[in-house]
Every structure is written in C-alpha cells, then in structure tokens.
Amino acid sequence: MDVYEKRMTTTLELLTNATGDIGFATTIPSARDIIPIDDWLWAPVTWSWWEILQAVFAAIGLAGNLLVMAVLFQRRTTRKSADALIGALAAADFMTSLFMIPHREPQTVPDTLIGHLACKVLLSSVFMWVSVMASVFTLTAISVERFIAVVYPLYAKRYLTTRRTITTVIIIWVCCAIINCQSFVVTSVDPSTRNCIVRYKSMVSQKIFGICVFLLLFIIPTSIMLLSQILIARELQRQSVRFADDQRTDPSSPAYNILRAKKRVVRLLLIVVSMYIICWAPDHIAFLAFNLHLLDVSFLYSPLYHGLVVLAFFNSCVNPIIYGVNYPEFRKALRETFWESSSSIQRASLFAPDTSHTTSSRA
C-alpha cells in the first residue's frame, strides 16, 4: 500500500509515523526534490472500501444523532438529567461523525507556523478525538446518573438537576480539550522532509502514553459503566421481589409500571454500553499493543487495521438505531415530533421515568 494513502483519523493513526529508532520519529518519503519548499501537497481521498464505509457511517451518524437532539429539544421544558446527558451524547457522536467524513489532508507542508498548525490540527485529528473522548465520558456519566436515580432516588431529586447536568457536560468537554492538547506537543513538521511527524522523547514516554490512553478511554470508563449496571440490576431485582411479595400490589399500578419503565431504560443503557465495548475494545487493544511495540508499524496499513477502524467508527452512528429498535418511547416521540401537532406532544421526560411512586429505601 502506498504510504501516501495513510489516514490519521483513528486512535492508532495518532502514531502512524512513529517508530522505535533513537530519535523516535520517522517521516513519509520526502517530496522535497520535486516540490518547491513553500508548496503544499495534498493527499486525495482514494475511496477505498474503508473510506466508503467510514463515509456511510458518518452520514448515518449525522442524521441519526440529529434526530435524537431534535426529539429531546422538543421536550426541553420537561427534560431531566438523563435526557440532557443523552442529548449531550448525541451531540458528541454528531461531532465525531462530522469529523470522520473522508477529506483531503496535507501530505507535505512548509516549515512555517501555518504548516505546523496544519500538522497539529488536521493530521492529528485533535477535534475528532475531543468529541470521541467527550462521548466516552458522557456515556460514563449517564451510567452514574442512572445508578444514582435508581439506587438513591431521594438524592437524585435533590442533586441531579438539569443545571448541574449541563455544568457536568461543559466540564467534560473542557477536560477533553485539555487532555488532547498533548497532540500539539508531539506533532510537528520535519524541516528536512516537510512531513508531519509524531515525536516522543523516548520509547518509554510512548509506552506511558499508550497505557494512559488505554486506561483513560477504555478500562476506567468501562469499569464504571459495568459496575453501575451491576448495582442497578441488583437494586431493580430487589424492587421486583418487593412487588412480588406484596400481595396488595396491583401489577397495573403506577408504581409497578414505573418500575417496568426503569427496567426498559436500564436495558437500553446496557445495550449502548455493550456496543461501545464491542466497537472500541479491538482498536484500543491494538493501539496499546502498538505503543508497547508488540505490533510492527506495517500493521497500520493492513486490512485488519482498517477493519478495526471502521468498527470503532460504527459506534458513533449506532446509538440512534438502538433507541429506535429497542425503545418504543423513542419511536413514539419521533412520531410526535415530526408527524403530529405540537399540542399533542406529551411533555414528559423521555429517558427518565418519574420515580415519585417508587422510592428506594436507600438515602
């Protein structure tokens, strides 16, 4: 494969040009002899199979997440913390889908301020990684919010306000932007070849970076999500047993129906979390192996690598599909938003069932 076909738009591609030599940086073969020093050389979109799939997933992600945001915006007057976080997740996935659309990228750049900025912003895909990280952290926040709402509903009513939720989302985006500033430090222009390079001080620093990314973007969020799901499932099972043992409880009562609604939301969240793990685990594991020098740089141009990339990007468009297939309330909300008059729309929270009739004994 021609090295000019490289795409630095995934986790693995952040280090496409890095190898294990003493200077810890290599470059794409120089075009210095055939191109004037102040000229730019842009790599065309080759529309290979992975770029075609990437474009398809981007289009689905843009349309699907826009629908989710439109539905939740229609109910903005009654939305709760869960709705605000789901909307923030859709916004992050929308931005990820936008940045993953295949586009031309600078191949050789002048050794100027603009050239360095192009390498640091375009080839490092820093904006896309900010949105990817924001999506992961927001999904983690949703898991924690549902845990508090189900297990500690009294605290939820007091502390899980929309204003605090929006503040949390803003903090998530600011933290993601700060964390991704590291790409501005390690990415630069090689003055001799005018290629963008990723340069670390040593192999040890690359290994530390790879481990930190693996922990921060996969192990820690996944652990929090799964632990939250386990604790929520245990609490819902306890509430179900309580209803079963109480002979005076009518299965058609409001409290029982709210319990069923909470279970549907939790099952929906479990599917979303599972899809995140399925889509991103292979790419994160491969990225860690590459940074630990267990995989050669040639892996970055293999069909397997591009398959992992496509699978990871699929996660940005899959959530609206999950809502539509597994959550009847979302399908109903779609119909109300686009096919019914505004006066007939039920002004109720979409992803946060009212817990006023079922209160946990925890507080």
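Roughly how big is the stretch 71-146's charge dipole about its Cα centre, with Cβ charges of +1 (Lys, Arg) and -1 (Asp, Glu), in debye to the nearest 20? Could you put the intermediate results ahead of the total?
Numbers: 7 positive and 5 negative charges, 78 e Å.
Dipole magnitude for the stretch 71-146 comes out near 380 debye.
Would you mind ranking Met275, Met100 by Cβ crowding within 10 Å, fewest neighbours first?
Final ranking by Cβ density, sparse to dense: Met275, Met100.
Could you work out how far apart the two model spin labels at Leu294 and Ser205 are, taking each label as a point 7 Å from the Cα in the direction of the beta carbon, and quote it in nm?
2.4
Could you order the peptides 53-64, 143-154 from most to least packed, using the average number of other C-beta atoms within 10 Å per residue?
So the peptides 53-64, 143-154, ranked by packing, come out 143-154, 53-64.
Taking the Cβ of each residue in Tyr276, Tyr327, Tyr159 as the centre, tally the other Cβ atoms inside 10 Å and list the residues starting with the fewest.
On the way: Tyr276 22, Tyr327 18, Tyr159 12.
Going from least to most buried by this count: Tyr159, Tyr327, Tyr276.
Using alpha carbons only, how many angstrom separate the centre of the stretch 281-322 from the centre of the stretch 42-82?
20
Would you calculate the separation in nanometres between label points at Arg238 and Val185, each defined as 7 Å from the Cα along the Cα-to-beta-carbon direction?
Between Arg238 and Val185, the simple spin-label model gives 4.4 nm.
When the label point is put 7 Å from the Cα of Arg267 along its Cα-to-beta-carbon vector, which residues of the stretch 314-328 have a backbone N closer than 15 Å?
322-328
Just so you know, all these numbers are worked out from the coordinates, no wet-lab data involved. Everything numeric here is computed off the predicted structure, so don't read it as measured data. All Cβ positions, even for glycine, are placed from backbone atoms using ideal geometry, and neighbour counts span all protein chains on display.
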